[in-house]
1. Taking the condition of being within 24 Å of residue 121 (Cβ to Cβ) and either open to solvent by 20 Å² or more (accessible area, probe 1.4 Å) or polar (S, T, N, Q) (or both), how many residues in the stretch 97-110 meet it?
2. Restrict the check to the stretch 30-53 and report whether at least one residue is free of Cβ contacts under 8 Å to residues at least 12 places away in the same chain and either farther than 20 Å from residue 137 by Cβ or in contact with a strand residue (DSSP E or B) (Cβ under 9 Å, 6 or more places away or on another chain) (or both).
3. From the set of residues in the stretch 64-74 that are within 15 Å of the chain's Cα centre (by Cα) and surrounded by 16 or more Cβ atoms within 10 Å (Cβ to Cβ), which is nearest to residue 54 (Cα to Cα)?
4. Please enumerate the residues belonging to the stretch 13-29 that are open to solvent by less than 50 Å² (accessible area, probe 1.4 Å) and within 15 Å of residue 104 (Cβ to Cβ).
5. In the stretch 1-12, what residues are crowded, with 22+ Cβ neighbours inside 10 Å and not in a loop (DSSP other than H, G, I, E, B)?
6. Give all pairs with beta carbons closer than 8 Å in which a residue from the stretch 125-138 that is farther than 9 Å from residue 39 by Cβ meets a residue that is part of a helix (DSSP H, G or I) and open to solvent by less than 50 Å² (accessible area, probe 1.4 Å); count only pairs at least 6 apart in sequence or on separate chains.
Amino acid sequence: MNYTDDVTVEETWKALQENEQAVLIDVRTRAEWAFVGLCDLSSIGKTPLLVSWQEFPTMDINPSFADSIMGQNIPKSAPLYFLCRSGVRSQAAAATMQAAGYEQCYNILSGFEGDRDQKGHRGKIGGWKASGLPWMQQ
């Protein structure tokens, strides 16, 4: 897949704080946003852009994914940081937007929930939540 690079959640948080144009794009599903949680960027005066890469419950690729992002009038030079549950769907999303002409598309490693622990549970190893970065549940 072709996108700019893989970054950690900590690198993403720092970039979002330091670069006014940097955008966090959460590509998870509505169900994940509602029941698992969202990144809370309010302390830096931002909100994540919520655009599902796949549509729940069928998990078909969202046919309007790229159009939804392009409709936000984000400059093509702005750094875009793509987040999913564990850093897999976000790779495809970043590659898609790079192909659409956006110059800086980053995949966030470990995503929101991180890697599975010994018991197969997420949310404790790696990822946005386990790293102690701000998040909230609705």
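1. From the stretch 97-110, those within 24 Å of residue 121 (Cβ to Cβ) are 107-110; that's our starting set.
Next cut, either open to solvent by 20 Å² or more (accessible area, probe 1.4 Å) or polar (S, T, N, Q) (or both) only: 107, 109-110.
Total satisfying the criteria: 3.
2. Within the stretch 30-53, one or more residues are free of Cβ contacts under 8 Å to residues at least 12 places away in the same chain and either farther than 20 Å from residue 137 by Cβ or in contact with a strand residue (DSSP E or B) (Cβ under 9 Å, 6 or more places away or on another chain) (or both).
3. Of the stretch 64-74, the ones within 15 Å of the chain's Cα centre (by Cα) are 65-66, 68-69.
Next cut, surrounded by 16 or more Cβ atoms within 10 Å (Cβ to Cβ) only: 65-66, 69.
Values: 65: 9, 66: 12, 69: 14 Å.
Selected residue: 65.
4. First pass over the stretch 13-29, keeping only residues open to solvent by less than 50 Å² (accessible area, probe 1.4 Å): 13, 15-16, 22-29.
Correct list: 15, 16, 22, 23, 24, 25.
5. Residues of the stretch 1-12 that are crowded, with 22+ Cβ neighbours inside 10 Å, as a first pass: 3, 9, 12.
Matches in the stretch 1-12: 9, 12.
6. 126/9; 127/9; 131/9; 138/33; 138/34
Listed here are the residues, each with its yes/no results for (1) β-branched (Val, Ile, Thr); (2) surrounded by fewer than 18 Cβ atoms within 10 Å (Cβ to Cβ).
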| site | (1), (2) |
| --- | --- |
| 31 | no, yes |
| 38 | no, no |
| 45 | no, yes |
| 76 | no, yes |
| 88 | yes, yes |
| 95 | no, yes |
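The values are calculated or read from the model by the stated rules, or taken from the named source; none is laboratory data. Since the model is a prediction, treat every value here as computed from it, not as a measurement. No Cβ is skipped: glycine too gets one built from the backbone with ideal geometry, and neighbour counts run over all protein chains shown. Calculation scope for accessible area: heavy atoms of the full protein, side chains included, ligands and nucleic acids excluded. Shrake-Rupley method; radii C 1.70, N 1.55, O 1.52, S 1.80 Å.
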